[in-house]
Amino acid sequence: MVFIALATLAGCHGSGSGSGSGSGPRADVDQKDTKGIVVSEPDHSIAERLVNDWRWHHRLLVVRSDQDSMLTEQASLVGSRMNAWKDREMKLVLLTTNGGLVVDRFVDGGPVGESFTLGVEQELVDRYGLESGREGFSAALVGKDGGVKARWSELVEPDAVFDLVDAMPMRIREVREADE
């Protein structure tokens, strides 16, 4: 279920955000080396597109882990509170050692969404400062403005995220406008 969805990131590119056939970096594409990972210009462009699509529209919980079991557990925590998650216009972004997944919904308890390559994952790790924490896990709450608002080195309970989000001036204004 969730593990299967996460494990398949290594071999698929989801809904088209991948960088082609998966045969590795092309010599005719500009590349940069980030911590031993070659990031091609298309990967950089995909990461920029994702970040620009999210900015001013969604808050993010970006989670990175070397262990699929930690990502599975974090996804389950979020999935159990999905209505409240969506009410706050939040997205869950899971980053693995093989790429990543932007979770749109849960099917049979497992996360489903747009997947992307390792190069895009590395761009997002760098952008949000997600160094490996305890047990290779780190998470960042990103506001609609694109700034990191909080960090965790262990699993995050949805209520802890909601408390932070609900105290944000933009969220307070959203709730007030919805009540009017």
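We did not get these values from a lab; they are worked out from the coordinates using the rules stated. All figures in this text were calculated on a predicted structure; none of them were measured in a lab. Using ideal geometry, Cβ is built from the backbone for each residue, glycine included, and neighbour counts are taken over all protein chains shown.
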Quick one: check the C-alpha center-to-center distance for the stretch 107-139 versus the stretch 149-176, whole angstrom.
19 Å
Spin-label point model (7 Å from Cα, Cβ direction): what's the residue 67 to residue 45 distance in nm?
3.9 nm
Assuming a viscosity of 1.567 mPa s and a temperature of 4 °C, what translational diffusion coefficient in µm² per second does Stokes-Einstein assign to the stretch 68-180, Rh being the Kirkwood radius over Cα pairs?
87 µm²/s
